[in-house]
Amino acid sequence: MKKLNVVYNDNYDIPLPEGHRFVGTKFSDLYNFIKNSNLYTNLTIHQSNSAPINDVQVVHNSDYVLNVKEGNLSRDQERRINLPWSARLAKRSFLAIQGTLQTSQLALDYGIACHLAGGTHHAFKDCGSGFCVFNDLAYASITLLNQKKINKILILDLDVHQGDGTASICENIDNIFTCSIHCKNNFPFDKKNSNLDVPIDDEVDDVKYINILTKTLDQIESNFTPDIVFYDAGVDVHSDDDLGNLNLTDHGIKKRDEIVCEYFKEKKIPLCTVIGGGYSKNRQELASRHFSIFETVSKTYL
């Protein structure tokens, strides 16, 4: 039987103070949720490697990269990331961006692959922001282009928050098309310009969201035909998400993922998925929401 390629690393979790809004165990929580599901036997798990510093410095400011590695971030830099620096955070940051690159390479080989992390779309060239240290979407995209593996990339960002860092880093790269469907009255409050921004109102429900998504995919098709798609399947669009503002249900998120997967499978365009944002004090509930994309990919492609 055909198996789904998934990239993961046991070092993705990070230590955080009690009550922090980010769930530091969300990656192992999701991995264990998958491991206890019927899906697990249909997966091939790949361990992510650490991104070489020189490669990261192609995308991010050299001094910033070294400051992350060595723990020399300024108080303001750390405050903006909103995660306390630790050796574990530094290690995870290099592992996770390489994990998205490895996932994209597997997607090119097999048509689909999923990363059990990623979607750190608030990180800019010279700083981190909003729980994001390095920008995995920009890093993987620019690396693929520099390797001349492909010519055109679509970054489809369906996290509830705008992918401001991704838009900024990729702004002048014609071969990368950035699209962000996001809640307009949510972080970041200083939005950047994606190639296509679709700001939506608070409390948008399943029906309205799916209608917006369908129209957006048609709009992208009329402007850009990618060789690969990076899909940020953030689940902070859920009605019960702690940092959301939208009103999607479990069913709505599953429907969203189905539409994206089926759309690009039909067009035979490789799809690389990352989990994006999701925030809840109930760790099992959060893992269940993130599980949606893995379940949907398996049903669509296997």
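The values are calculated or read from the model by the stated rules, or taken from the named source; none is laboratory data. Here the structure is a predicted model, which is why all the values come from computation and not from measurement. When we count neighbours, we look across all protein chains shown, and the Cβ atoms used for this are built from the backbone with ideal geometry, even at glycine.
Results for (1) touching a Gly at 6+ places or on another chain (Cβ under 7 Å); (2) closer than 23 Å to Leu271 by Cα, shown as yes or no for each residue.
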{"residue": "Ile150", "(1), (2)": "no, yes"}
{"residue": "Leu158", "(1), (2)": "yes, yes"}
{"residue": "Gln162", "(1), (2)": "no, yes"}
{"residue": "Asp174", "(1), (2)": "no, yes"}
{"residue": "Lys184", "(1), (2)": "no, no"}
{"residue": "Asp201", "(1), (2)": "no, no"}
{"residue": "Tyr209", "(1), (2)": "yes, yes"}
{"residue": "Ile220", "(1), (2)": "no, yes"}
Self-check item: Answer from Ser288, Ser298 - the residue that is closer than 18 Å to Val160 by Cβ and either part of a helix (DSSP H, G or I) or modelled with pLDDT of 95 or more (or both)
Solution: Ser288
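When residues of segment 76-116 are filtered for being at positive phi and crowded, with 23+ Cβ neighbours inside 10 Å, how many remain?
Just the residues of segment 76-116 that are at positive phi, to begin with: 82, 111.
Of the ones still in play, those that are also crowded, with 23+ Cβ neighbours inside 10 Å are none.
Selection size over segment 76-116: 0.
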Exercise. Looking at (1) over 22 Å from Asp257 (Cα atoms); (2) in a helix (DSSP H, G or I); (3) out of contact with any strand residue (DSSP E or B) (no Cβ under 9 Å at 6 or more places or on another chain), find the lone condition where Gly165 falls short.
Key: (3)
Practice problem: Go through (1) more than 16 Å from Cys179 (Cβ to Cβ); (2) buried (at least 19 other Cβ atoms within 10 Å of the Cβ) and name the single condition Val207 misses. | Solution: (2)
Quiz item: Just wondering, is there one or more residues in segment 120-135 that are in contact with a helix residue (DSSP H, G or I) (Cβ under 6 Å, 6 or more places away or on another chain), under 21 Å from Val297 (Cα atoms), surrounded by 20 or more Cβ atoms within 10 Å (Cβ to Cβ) and not polar (S, T, N, Q)?
Solution: no
Self-check item: The listed residue being buried (at least 19 other Cβ atoms within 10 Å of the Cβ), within 30 Å of Val297 (Cβ to Cβ), more than 19 Å from the chain's Cα centre (by Cα) and at pLDDT 95 or above, out of Leu43, Leu73
Solution: Leu43
Quiz item: So which residues in segment 186-245 are closer than 17 Å to Ala167 by Cα and acidic (Asp, Glu), if there are any at all?
Solution: Asp190, Asp197, Asp232
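Tell me the residue from Phe187, Phe224, Phe177 that is of a type in the set (Phe, Trp, Tyr), over 24 Å from Arg80 (Cβ atoms) and surrounded by fewer than 21 Cβ atoms within 10 Å (Cβ to Cβ), please.
Going through Phe187, Phe224, Phe177 in turn, the sole match is Phe224.
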Exercise. Return the pairs, sorted by first residue and then second, in which the second residue is in a loop (DSSP other than H, G, I, E, B) and surrounded by fewer than 17 Cβ atoms within 10 Å (Cβ to Cβ), the first residue lies in segment 177-200 and is in contact (Cβ under 8 Å) with a residue 60 or more places away in the chain, the beta carbons are less than 9 Å apart, and the residues are 6+ apart or on different chains.
Key: Cys183/Asp201; Cys183/Asp202; Asn185/Asp201; Asn185/Asp202
Quiz item: Here are some conditions: (1) of a type outside the set (Phe, Trp, Tyr); (2) without any contact (Cβ under 8 Å) to a residue 40 or more places away in the chain; (3) surrounded by fewer than 22 Cβ atoms within 10 Å (Cβ to Cβ). Ile253 meets all but one. Which one does it not meet?
Solution: (3)
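Quick check, is Val160 at pLDDT 95 or above and under 13 Å from the mean Cα position of the chain (by Cα)? Full working, then the answer.
Values: at pLDDT 95 or above: yes; under 13 Å from the mean Cα position of the chain (by Cα): yes.
Yes.
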